[in-house]
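Worksheet: one structure, shown below.
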Amino acid sequence: MATRHIISIKDFDRSEIDRLMDHARQIDSKKYDRNALSGKILAVLFFEPSTRTRMSFESAIARLGGTSVSVGSVDACSMAKGETLADTIRVVSGYADAIVIRHPKEGAARLAAEFATVPVINAGDGAGQHPSQTLLDLYTIRQSMPIDAIDVALVGDLRYGRTAHSLASALSLYNVRLHTLSPTGLELPDTLATELADKGMKIVNHDTIEEMIGLVDVLYVTRLQRERFPDSASYFNVASSYRITPELLTEAKEHLIVLHPLPRVDEIDPRVDESPHARYFEQSKNGVPVRMAMLMDVMQ
Amino acid sequence: MTHTEAGENEGLLVRRIRNGTVIDHIEGGEALNVVKILGITGTTQEALSIATNVPSRNMGRKDIVKLTNRELSKEEVDRIALISPHASINIIRNFKVCEKKGVEIPTVIEGLVRCPNPGCISNTNEPIRSKFRVLPTGLHCHYCDWVIAKDLTSYIL
């Protein structure tokens, strides 16, 4: 049987996504074999900093009875000596039963899958794909509402934000209307917008958060990176106009959920944390059952 | 029709060749890009003739490339389709057209163009060749999904 990799959400069809989410829900309700991956080793190859993704993969393998190995920091590994990723992957394939990789270069996980003899899971490749994040985003939406005939808003840096791109691609498989709000120059890339429209997705672009807030069922907020702006003043100007506050949410639909891949900086007022709309910490927690489902999918 | 007749119709702009390949019906002005795609440079051995903006009844104007002592492979021929989908290829042996074929747009191209995305893993020292899927929207990088929708020739390796 061919080795199964998880590289891009675009490699999935809707039934595969639904099946993985059903499995994650089963795991979430504690119905799973705690020794499902007993004796299996997951190599955690992170060439970029990560808190949530890395820890939740390590937690996921531990909860299934397996163990993880890692290289520690990038400086400590042979890549720092100039070894190619292809060679690193060939070597690590001999040490583990699956590899989860985060790398600053786009397409790195696809390359890794070509050289690996064990399954590879992409945990983020530069500005590219981050399929496990997308699956947990979808899972969190599905906890609150069926992903059907809903309005989902993407807010923030939609040009470079990989989580927004992956989520938009996945949502195009469902009956979803997409709303976008982003600063000038950080809009959804044209190629992606065209791709989504070709799949029949309706996209509505907005100029202010106030005009959008009452229309949507899901508000997906992403971090605005200060370095994308010419100066601090223009950053603060945009950041304050996009900030999600309890006052803003008084105009929202009652069942609206607010998601954020975290870490957040100024995008969401901490007072929103107590609101019934806030789901971003739940979303983060969902990373474990979703990644457990993914590991079982490729390692069993 | 032999390539001789084709030459005469155009006033014999370029000399007949004994053996090799004549690429006819290239979109006007694309001949130099065809040569680039074929990897022909000043340092390669082939004798090369190029006619550009030749009047053509069907195309208005067209370019012609003649390559001496080299028969193009299917893979090379199909690469030409990316910039000139109506090109026709005549394989010449002893002054006669022995094979005549059209070009087909390939589904995947490898090692021909570099990915324009500076952050793409294919632009590093990894032991891989660039790889693109050819879709109606353009060339999609196999690794990072970046799309080359226009100016393909400026990315030829």
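Using a Gaussian network model on chain A with a 10 Å cutoff between Cα atoms, which of A:Gly161, A:Gly107, A:Gly185 fluctuates the most? Top of the fluctuation ranking is A:Gly185. Contact order for chain A, expressed relative to its length and based on alpha carbon pairs under 8 Å spaced 6+ residues apart, stands at 21 percent.
Loop-located trypsin sites (Lys or Arg not before Pro) in region A:1-74 (DSSP state not H, G, I, E or B) with no more than 14 neighbouring Cβ atoms inside 10 Å: A:Arg4, A:Lys30, A:Lys31, A:Arg34.
Taking 0.36 nm per residue of separation and subtracting the current Cα-Cα distance, fully stretching the chain between B:Lys74 and B:Arg15 would add 18.7 nm. Across the options A:Thr117, A:Ile203, A:Leu262, the greatest Cα extent toward the positive end of the charge dipole of the protein assembly as shown (unit charges at beta carbon of Lys, Arg, Asp, Glu) belongs to A:Thr117. Structure shown: which of A:Lys31/A:Lys253; A:Lys105/B:Lys36; B:Lys62/B:Lys150; A:Lys199/B:Lys74; A:Lys199/B:Lys131; A:Lys10/B:Lys150 lie over 31 Å apart, alpha-carbon to alpha-carbon? Over 31 Å Cα-Cα: A:Lys31/A:Lys253; A:Lys199/B:Lys74.
Placing a label point 7 Å from the Cα of A:Glu251 along the Cα-to-Cβ direction, the residues of region A:218-232 with a backbone N closer than 19 Å are A:218-222.
For chain A, the equivalent ellipsoid derived from the Cα gyration tensor has semi-axes of 33, 22, 18 Å, listed largest first.
A simple rule links phi to the HN-Hα coupling: the Karplus curve 6.51 cos²θ - 1.76 cosθ + 1.60 with θ = phi - 60°, which for region A:236-245 gives 5, 4, 5, 4, 6, 6, 9, 5, 8, 10 Hz, with x for Gly and Pro.
Once you charge only the Cβ atoms, +1 for Lys and Arg and -1 for Asp and Glu, what is the size of the charge dipole of region B:7-157 about its Cα centre, to the nearest 20 debye?
Values: 20 positive and 17 negative charges, 81 e Å.
Result for region B:7-157 is approximately 380 debye, rounded to the nearest 20.
Centre-to-centre separation between the Cα atoms of region A:201-223 and those of region A:114-164: 18 Å.
Taking a straight line from the alpha carbon of A:Lys285, these aspartates and glutamates sit under 17 Å away, with near neighbours fewer than eight places off in the same chain left out: A:Asp22, A:Asp28, A:Glu58, A:Asp137, A:Asp273, A:Glu274.
Basic side chains Lys and Arg get +1 at the Cβ, acidic Asp and Glu get -1 at the Cβ, and with that the dipole of chain A about its Cα centre reaches some 1020 debye.
Within the listed set A:Val288, A:Val100, A:Val69, the residue fluctuating most in the Gaussian network model of chain A (springs between alpha-carbon atoms under 10 angstrom) is A:Val69.
So with the 1.4 Å probe, I'd like the accessible area per residue for the protein assembly as shown, rounded to whole Å². Don't skip to the end; give the middle numbers.
Details: 20930 Å² over 457 residues.
On a per-residue basis, the protein assembly as shown sits at 46 Å².
By accessible area, using a 1.4 Å probe on protein heavy atoms only, the protein assembly as shown has 49% of its surface on carbon and sulfur.
Between chains A and B, what is the buried accessible area summed over both chains (1.4 Å probe, protein heavy atoms, nearest 100 Å²)? Write down the numbers at each step before the final one.
Details: alone 13380 and 8820 Å², together 20930 Å².
That pair hides around 1300 Å² of surface in total.
A Cβ-based charge dipole, computed about the Cα centre of region A:16-66 with Lys and Arg at +1 and Asp and Glu at -1, lands at about 220 debye. Using 0.36 nm per residue and subtracting the Cα-Cα separation, the extra length available between A:Lys202 and A:Met145 on full extension is 18.6 nm. Highest GNM mean-square fluctuation among A:Ser50, A:Ser59, A:Ser169, for chain A modelled with Cα contacts below 10 Å: A:Ser50. Indicate the gyration tensor shape class of region A:104-239 (rounded, prolate or oblate), computed on the Cα atoms with a ≥ b ≥ c the square roots of the eigenvalues: a/c under 1.5 is rounded; otherwise a/b larger than b/c is prolate and the rest oblate. Here region A:104-239 falls in the oblate category.
Taking every DSSP beta bridge that has both residues in the protein assembly as shown, what percent is antiparallel when rounded to the nearest 5?
Values: 34 of 69 bridges.
If I count the DSSP bridges inside the protein assembly as shown, around 50 percent turn out antiparallel.
Computed on region A:1-102, with alpha-carbon pairs under 8 angstrom and 6+ residues apart, the relative contact order is 32 percent.
The values are calculated or read from the model by the stated rules, or taken from the named source; none is laboratory data. These numbers were taken from a predicted model, which means no experiment stands behind them. A quick note on method: Cβ atoms are made from the backbone with ideal geometry, for glycine too, and the neighbour counts reach across all protein chains shown. Heads up: the accessible areas ignore ligands, DNA and RNA and are worked out on the full protein's heavy atoms, side chains in. Shrake-Rupley method; radii C 1.70, N 1.55, O 1.52, S 1.80 Å.
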